[in-house]
Structures are given as structure tokens and as C-alpha cells.
Amino acid sequence: MEAHRGNETITRYRPPGVIPLELWDLRINDHILWEMMNGDNFPKVLCGIIQKLRRGEGETRSEGPVPDVIKGFDSLFVSGGRSQEPPVLAALRELDLPVCFSRTPDHPGSVPGLRLLGGFGAGWLCDLGQSAFKICAASQSMKFGRDLQRMPIRVEVSMESIPLQRQQLRDWLSESLRIFSIRAGVPEVILFALPSRLDDAAVPETSSYIGMAGDDRLIPDAIKAAGLNPRRVLVMNDAELAALDGLCEPELQGRAKTLVITLGFGLGAALILRHPSKDIGHA
């Protein structure tokens, strides 16, 4: 779906066959999954959650019972920097189902994402994570770390803090885009991946960034402040971006239903439903 914001056209891109999932706040007794990610027993907790989801069980704090479509997935695709931690690797390999790990765990979806953009012209892939902002083009890539003093992790949010936090995020994104343009030139199309649920107009919902929820001007404002004027801007969820890798993974081509999880600062998830006659489509 396209949304017009001023002079910009923002397209909410949904990869065919990919369903975004919100699993970061799965209930685990009196906690949620996100709160347990830094504990020593996280690998065991994660595997228990995966087995539970495969049975179609589980409930999130924000959305209630998990969607029925999750039940019975026949494979797992894992990406993100934490997917390479030895305890996580060892635990996931003990699962009683095929597990495939991303070939580019720190930059999930970058290769098929840039291939997707090739249909529109010279493009950039901009992946906003919880701890860094990564930008890549055909021959360049850069990573910009999040300043937690300027942009602290959202815990309890006061309405008074939102305007400043929105501006801090815009300033960081626009300056990163401007710096990257010095190396890579001006893009014709940009694909943004955001660490948030997105509605049909590509407006983000809650994330660890204070004020991101409901901020429909975030991306166009950052692009404009960077001095860029792309012909087209596509926006997707970061787990959907990771799922592009899973769609291309040879080991998974015969699998009907693949659960995708990204492990980094937080946990993202998506579900791949395979249709053998279809490939990655365009927006």
C-alpha cells in the first residue's frame, strides 16, 4: 500500500509468502521473552518457546494467543548477531527439526534486499536495529551505533520526552544517511527495515525507540534532512527482511512452513509459507 506524505510516496512492502510475527513479548510465567534474553538460561528458554510454538501454543502480552498459522512449522531459520553465540548454536542444534543459520547473520536480508531494489534502480538498504543503523549499497556498507545517552531504551515513557526523542532519532538517521551518500552517491530507491510492527501505510508501532510509535513522518523527514530525493521508498519490518534470506536458502526450498527468528538486542520473528511457483515479488 502506498501512502503520500507531502511530496514523498512511502510503500509498505510485504514479501510474498511472509507473515510478520510479534513474539518478543511472549508470556513466560510472570515475565515476557524480551526480559529473559540476557539470562544465562536464555538458550534453554528459547528452545522451549520454539517447541511450544510448533504445537501452536503461546500467548503474547500485546496480542494474546499466537496465530493458528504458526502451528506445525517444519523448519527454523535463524539470523542476527546473537545467533552465533556458542550456547545458542548448541541449543538450537538439539531441536528436533531442521535448523538453518543465516550466511550473513549480522546483515540479514542484505543480499536479496539489494537484489529486490535492483528492479527499481540504484538503491540503498537501510536497516534500523535496536542497537545500530546499517546502510548498504551494491559496493558500500556502513554501520552507525546507537547512542544510548541520546536515545535511551524505552521503558516508561512520559509524553514530554517524545518530541525530543523523535528529533534525536531523526538527527541520527539523517546524519548517517548524509555520511553514507558521500561514499555511495545518491540513491534512486531506498528500502527501510524498521524494528517495529508496521500498519498498511508503513506507520511504525511500538519499539525500543521512544516516540517511534505513530510517527508517520520519521522516514520522509530523515531522508529530506539528509538532502536525498529518492524516486521511491519501501518500508518493511526487520524480521521480514531477514525472511528474504530464508526464502533464498537452498536448504529450505522443500519446506512448506519456516519460522524465522532474528536474535540481536531483541527478538524478531516471521513465518515463511512457501508457494513453489512464486519467487520474491516486487512492491
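Laboratory data are not the source of any read-out in this text; all were calculated from the coordinates shown. Not measured: the values here are computed from a predicted model. Because the Cβ atoms are built from the backbone with ideal geometry, glycine has one as well, and the counts that use them run over all protein chains shown.
Note on Leu95 and Ile179: the model spin-label points, each 7 Å out from Cα along the C-beta direction, lie 3.5 nm apart. Projection of the Cα convex hull of the range 201-280, averaged over all directions and equal to a quarter of that hull's surface, yields 7.3 nm².
With charges only on Cβ, +1 for K and R and -1 for D and E, what is the dipole size of the chain about its Cα centre, in debye, rounded to 20?
Working: 32 positive and 35 negative charges, 128 e Å.
Charge dipole of the chain: 620 debye, to the nearest 20.
Which of the listed residues, Met151, Gly109, Val69, is farthest toward the dipole's positive end in the range 19-175, when Lys, Arg count +1 and Asp, Glu count -1 at the beta-carbon? The listed residue farthest towards the positive side: Gly109.
Relative contact order for the chain: what is it in percent, counting Cα pairs under 8 Å that are at least 6 residues apart? Walk me through the numbers on the way to the answer.
Details: 537 pairs, mean separation 80.1, N = 283.
28 percent.
Based on the reciprocal of the average 1/r between different C-alpha atoms, the Kirkwood radius for the range 1-119 equals 16.6 Å. When the Gaussian network model of the chain links Cα atoms closer than 10 Å, the mean-square fluctuations of Ser83, Ser208, Ser161 top out at Ser161.
How big is the Cα convex hull of the chain in projection, averaged over all directions, in nm²? The partial results should precede the final answer.
Numbers: hull surface 58.0 nm².
Averaging across all directions leaves 14.5 nm² for the Cα convex hull.
Using 19 Å as the cut-off for backbone N distance, which residues of the range 62-99 belong to the label zone defined by a point 7 Å from the Cα of Lys143 along Cα→Cβ? From the range 62-99, the list is 78-89. Straight-line cross-link partners of Lys52 among the lysines, defined as a Cα under 27 Å from its Cα and at least 8 positions apart when in the same chain: Lys44, Lys71, Lys257.
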